[in-house]
Amino acid sequence: MGKDVDFKSLGFPSREMYEFPNIINIEVYRGDCYCSCVHCPVGTTEPSDRKQRFGERGIDLELYKKIVAEVSHHPHSAIRVHSVGEPLIWEGLVEVLRFTHDNAVRSWIFTCAATSNTDLLEAICENINVVEVSVNSTTPEDYRATKGINAFELVLGNIRRMHEYITSKNLATRLIVSRVESLDKTKDEEFVRYWKSSGLVDDAFARSYHTYNDMMPELSSQEGQHKHDPCLVHWARFNISVNGYAVVCFNELFKEHLNPSLILGDLREQSIAEIWLGPKLTALRRAELSRDYSTLPFSKALPCKDCYSCQPLFGNRQTSEYQIKQLGNKNA
C-alpha cells in the first residue's frame, strides 16, 4: 500500500497508527509461573504439567534485538514484555530489558512480582517505563483465593520497594497495579480505591476477564452476551510469539499449539511493518469493520467472531495507550 492510501477507510484514526502499531506484545518466555491464578490457563494447569503442556523456552536474543531495532524507528510505539507464565523466571530478562532501554524504546512489563530477588526488581525499575504488577487483591485471603499462593505480603513489600527505589532514583518509571475483573463489582471497585489511595502506585485498574479464546469458562454475567465490535488489537497491537510468529490474538499463545492459519507472518524473515500492512491483516480489518468474515480463508479458525472481551476500536475504555501517554507527565 502506498503513502496515498486512505487510512481512514481502513478504520485507522491516524496515519501514524496505520504505518506502525502502538504496542508490540512480545512473548519473551513460556512454560511456568510462580502463581496458580484461577483466571489464567497457566495458573489452572498443575505446576508439574506446565512445562510439558506449554513447552518451556525463552525468545532468541537476536530475534528480540531485531524487533527492538525496528521499533526504535517509531517513537510512538512501545514494547510490552509478556509471557505465557511469568517473565521473571526467564534468565535472559535483564539483558533484553537493558537492550530495550539502551535503544530508547519505551517498554512495559506485566508481572506478578512474587519474587525475593530485589536486584531483579531494581533492574526492572531502571530499564522499564511501565511496570504492571498483577497483584489482583487487597488482602492475603483474596490473593490466596485468586492467585493460588500465599504471597500477598511478599508482593506488597515488593511494590513498596519498587516505589521507594523509583522515588529515590528519581526514575520516570510508571508503577501500576491491576486486577482481573470478577463477578463482584464492589470488590473490583474497592481494589482500585485501595491501591490508588495507597500512595505506592501511579494507577490501579481492573482488566477485562478473558476466556483466552474459549480456554477458560465465561463469567456467568457474560454468558450469551457475544456482542462483538471491531477489536482495537487489529488496529493498534502486534502480537509476537516466543518463536517469532506474528499472531492474530495474543490469547492464542496460551494454547498448546498455534493454528497455522492464525499466523500472520514470521519475524525471523519479515519486518513488523510488512506484516502490519500485509494482505492477511488488512483483510481481517475489513472483515471486522463489515462484520462479514465469510470471504476470509481462515474464518473457521478465527476466534474474533464470537469474542465478547475484545477492546472496542471505537470505545472509551481506559486503554494501555493511555498508560503510555502518562509517561510524559511522570516527572513534569
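Considering only the range 285-295, I want to know if a residue exists there that is open to solvent by 30 Å² or more (accessible area, probe 1.4 Å), touching a Gly at 6+ places or on another chain (Cβ under 8 Å), among the hydrophobic types (A, V, I, L, M, F, W, C) and touching a residue at least 60 places away in the same chain (Cβ under 8 Å).
To start, the set of residues in the range 285-295 that are open to solvent by 30 Å² or more (accessible area, probe 1.4 Å) comprises 286, 289-292, 294-295.
Filter again for touching a Gly at 6+ places or on another chain (Cβ under 8 Å), leaving 289.
In the following step, the residues that additionally are among the hydrophobic types (A, V, I, L, M, F, W, C) were identified as 289.
Next cut, touching a residue at least 60 places away in the same chain (Cβ under 8 Å) only: 289.
The answer is yes, given that some residue of the range 285-295 is open to solvent by 30 Å² or more (accessible area, probe 1.4 Å), touching a Gly at 6+ places or on another chain (Cβ under 8 Å), among the hydrophobic types (A, V, I, L, M, F, W, C) and touching a residue at least 60 places away in the same chain (Cβ under 8 Å).
Scanning the range 1-51 for residues that are open to solvent by 30 Å² or more (accessible area, probe 1.4 Å) and in contact with a Leu (Cβ under 6 Å, 6 or more places away or on another chain) turns up just one, Met1.
Counted as qualifying within the range 75-157 are the helices (runs of 4 or more DSSP H) with 3 or more residues that are over 20 Å from the mean Cα position of the chain (by Cα), namely 118-127, 140-147. Return a yes/no flag: does the range 305-312 have any residue that is over 19 Å from the mean Cα position of the chain (by Cα), open to solvent by less than 30 Å² (accessible area, probe 1.4 Å), of a type in the set (Ser, Thr, Tyr) and modelled with pLDDT under 95. Scanning the range 305-312, I find no residue that is over 19 Å from the mean Cα position of the chain (by Cα), open to solvent by less than 30 Å² (accessible area, probe 1.4 Å), of a type in the set (Ser, Thr, Tyr) and modelled with pLDDT under 95, so the answer is no.
Being more than 21 Å from the chain's Cα centre (by Cα) and free of Cβ contacts under 8 Å to residues at least 40 places away in the same chain is the filter here, so list the residues in the range 158-183 that pass it. Within the range 158-183, His163, Glu164, Thr167, Ser168, Leu183 meet the criteria. Only a single criterion out of (1) open to solvent by less than 10 Å² (accessible area, probe 1.4 Å); (2) under 25 Å from Arg15 (Cα atoms) is not satisfied by Ser241, namely (2).
For the range 230-238, does any single residue satisfy the condition of being on the phi < 0 side of the Ramachandran plot, basic (Lys, Arg) and open to solvent by 70 Å² or more (accessible area, probe 1.4 Å)?
Step one: filter the range 230-238 for residues on the phi < 0 side of the Ramachandran plot, giving 230-238.
Filter once more, keeping what is basic (Lys, Arg): 237.
Narrowing further to those that are open to solvent by 70 Å² or more (accessible area, probe 1.4 Å): none.
No, the conditions are met nowhere in the range 230-238.
Checked against (1) modelled with pLDDT of 95 or more; (2) open to solvent by 20 Å² or more (accessible area, probe 1.4 Å); (3) more than 23 Å from Leu327 (Cα to Cα), Ser182 passes all but condition (1).
The residue that is modelled with the lowest pLDDT, counting only those in the range 252-263 that are open to solvent by 30 Å² or more (accessible area, probe 1.4 Å) and among the aliphatic types (A, V, I, L, M), is Leu258.
Note on the range 52-68: among residues that are open to solvent by less than 40 Å² (accessible area, probe 1.4 Å) and not hydroxyl-bearing (Ser, Thr, Tyr), the one that is nearest to Pro217 (Cα to Cα) is Phe54.
Screening Arg179 with (1) basic (Lys, Arg); (2) within 26 Å of Ile23 (Cβ to Cβ); (3) part of a helix (DSSP H, G or I) gives one miss only, at (3). For the range 86-123, filtering for residues that are open to solvent by less than 50 Å² (accessible area, probe 1.4 Å) and closer than 21 Å to Cys40 by Cβ leaves 12. Phe205 meets all of the listed conditions (1) more than 26 Å from Asn129 (Cβ to Cβ); (2) open to solvent by 20 Å² or more (accessible area, probe 1.4 Å); (3) not in a loop (DSSP other than H, G, I, E, B) but one, namely (1). For the range 276-310, residues that are in contact with a strand residue (DSSP E or B) (Cβ under 7 Å, 6 or more places away or on another chain), part of a helix (DSSP H, G or I) and among the hydrophobic types (A, V, I, L, M, F, W, C) total 3.
The values are calculated or read from the model by the stated rules, or taken from the named source; none is laboratory data. Just so we're clear, the structure is a prediction, and the values are computed from it rather than from any experiment. So basically every Cβ, Gly included, is an ideal-geometry build from the backbone, and we count neighbours across all protein chains shown. These accessible areas exclude ligands, DNA and RNA; they are computed on the full protein's heavy atoms, side chains included. Shrake-Rupley method; radii C 1.70, N 1.55, O 1.52, S 1.80 Å.
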